[in-house]
Structure formats: C-alpha cells, structure tokens
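The structure appears right after this line, and notes come after that.
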Amino acid sequence: QVRLVESGGGLVQAGDSLRLSCAASGRTFGSNSMGWFRQAPGKEREFVAAITWRGGMQDYADSVKGRFTITRDNTKNAVFLLMNSVKPDDAAVYYCAARTSYLIARTPVEYAYWGQGTQVTVSS
C-alpha cells in the first residue's frame with residue numbers, strides 16, 4: 001500500500017507564492033512518476049503538473065506553465081509544487097498522485113494512488 005499526504009495549502013493573496021508538499025509512505029514503488037491535479041467546486045479534476053521518476057523531465061498544463069514548478073526529492077519520498085504568481089483561478093483542492101510507471105501522464109485514470117487533497121484559497 002502507498003499513502004500520499006498533501007500539505008501546505010491555505011489562504012494566499014493573488015500574486016503571491018505558495019509551496020505544496022506531498023509525502024509518500026508505505027510500500028512505495030521505485031519507478032513511479034508523480035503528478036499534481038486540482039479540482040474546483042463544480043468542476044472536473046484537471047491536470048496541473050507531472051514529473052518523471054528521476055525528475056529529469058516535467059510536464060505542465062498550459063494554465064500554469066511558467067508560474068508553477070514541480071520537483072521531487074526521492075531521498076525523502078516527497079514531491080513539491082511551487083506556485084508563483086497565483087491567480088484567483090488557481091483556487092482549488094490540490095491532489096498529489098502517483099503512477100506505477102516511469103512515464104508522464106496527464107489523465108487521472110493513469111494514476112494508481114491519490115492523497116486526500118489540500119485546499120488552496122486565493123484572495124484578490
């Protein structure tokens with residue numbers, strides 16, 4: 001079993017920055033890529049960012065490209081999302097997810113494990 005726990009969410013003013021963390025525990029897979037998704041009230045869950053197992057490649061949704069940065073620290077079994085220049089449209093519950101593959105994916109069905117989410121609220 002793999003357990004993912006997000007943290008770092010909260011209230012942030014538009015234009016400011018926020019750093020989300022995801023800690024993995026249990027029997028983690030050694031070759032998994034990781035991703036961040038978000039879901040706003042009344043909206044479908046959408047892809048935000050993904051990173052390969054070794055961290056050499058990253059993928060971002062067009063809406064966050066140039067503002068968000070995904071990183072991982074495999075020595076700590078953790079993945080991070082640095083959110084810069086946040087916008088009101090960034091407000092959502094953010095979920096950390098893990099695959100069982102090296103490859104990057106952008107759809108929720110391709111991810112095997114999920115955290116419970118962390119709320120990000122943006123004030124303007």
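The values are calculated or read from the model by the stated rules, or taken from the named source; none is laboratory data. Here the structure is a predicted model, which is why all the values come from computation and not from measurement. Using ideal geometry, Cβ is built from the backbone for each residue, glycine included, and neighbour counts are taken over all protein chains shown. For the accessible areas, the whole protein counts, side chains as well, though only heavy atoms, and no ligand, DNA or RNA atoms are used. Shrake-Rupley method; radii C 1.70, N 1.55, O 1.52, S 1.80 Å.
When you go through VAL48, VAL12 one by one, which is the residue that is free of Cβ contacts under 8 Å to residues at least 60 places away in the same chain, assigned to a strand (DSSP E or B) and not aromatic (Phe, Trp, Tyr)?
On the way: VAL12 fails: free of Cβ contacts under 8 Å to residues at least 60 places away in the same chain.
After applying the criteria, what remains is VAL48.
I'm trying to understand the selection: among the residues of the stretch 102-124, which are of a type in the set (Gly, Ala, Ser) and either surrounded by fewer than 16 Cβ atoms within 10 Å (Cβ to Cβ) or assigned to a helix (DSSP H, G or I) (or both)?
ALA112, SER123, SER124
Any idea which residue in the stretch 48-87 is modelled with the lowest pLDDT, counting only those that are hydrophobic (A, V, I, L, M, F, W, C) and farther than 18 Å from LEU4 by Cα? Give the steps one after another, and end with the answer.
Step one: list which residues in the stretch 48-87 are hydrophobic (A, V, I, L, M, F, W, C), which gives 48-51, 53, 57, 61, 64, 68, 70, 78-83, 86.
Adding the requirement that they be farther than 18 Å from LEU4 by Cα leaves 57, 61, 64, 68, 83, 86.
On the way: MET57: 92, ALA61: 98, VAL64: 98, PHE68: 98, MET83: 98, VAL86: 98.
Ranking the candidates gives MET57 first.
Conditions tested, residue by residue: (1) out of contact with any strand residue (DSSP E or B) (no Cβ under 6 Å at 6 or more places or on another chain); (2) basic (Lys, Arg); (3) open to solvent by 10 Å² or more (accessible area, probe 1.4 Å); (4) over 20 Å from GLN116 (Cβ atoms).
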| position | (1), (2), (3), (4) |
| --- | --- |
| GLY42 | yes, no, yes, no |
| ARG45 | no, yes, yes, no |
| TRP53 | yes, no, yes, yes |
| GLN58 | no, no, yes, yes |
| SER63 | yes, no, yes, yes |
| ILE70 | no, no, no, no |
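Among the basic types (Lys, Arg) and more than 13 Å from the chain's Cα centre (by Cα), is that true of ARG27?
Spelling it out, ARG27 is indeed among the basic types (Lys, Arg) and more than 13 Å from the chain's Cα centre (by Cα).
Is it the case that the stretch 17-40 has a residue that's closer than 14 Å to TRP114 by Cβ, charged (D, E, K, R), open to solvent by 70 Å² or more (accessible area, probe 1.4 Å) and in a strand (DSSP E or B)?
Scanning the stretch 17-40 turns up no residue that is closer than 14 Å to TRP114 by Cβ, charged (D, E, K, R), open to solvent by 70 Å² or more (accessible area, probe 1.4 Å) and in a strand (DSSP E or B).
Name every residue in the stretch 75-101 that is out of contact with any helix residue (DSSP H, G or I) (no Cβ under 9 Å at 6 or more places or on another chain), part of a loop (DSSP other than H, G, I, E, B) and under 16 Å from ILE51 (Cβ atoms), in order of residue number.
Matches in the stretch 75-101: THR75, LYS76, ASN77, THR100.
If you check ASP62, ASP73, ASP90, which single one turns out to be free of Cβ contacts under 8 Å to residues at least 12 places away in the same chain and closer than 14 Å to LEU20 by Cβ? Show your work before the answer.
Working: ASP62 fails: closer than 14 Å to LEU20 by Cβ; ASP90 fails: free of Cβ contacts under 8 Å to residues at least 12 places away in the same chain.
Result of the check over ASP62, ASP73, ASP90: ASP73.
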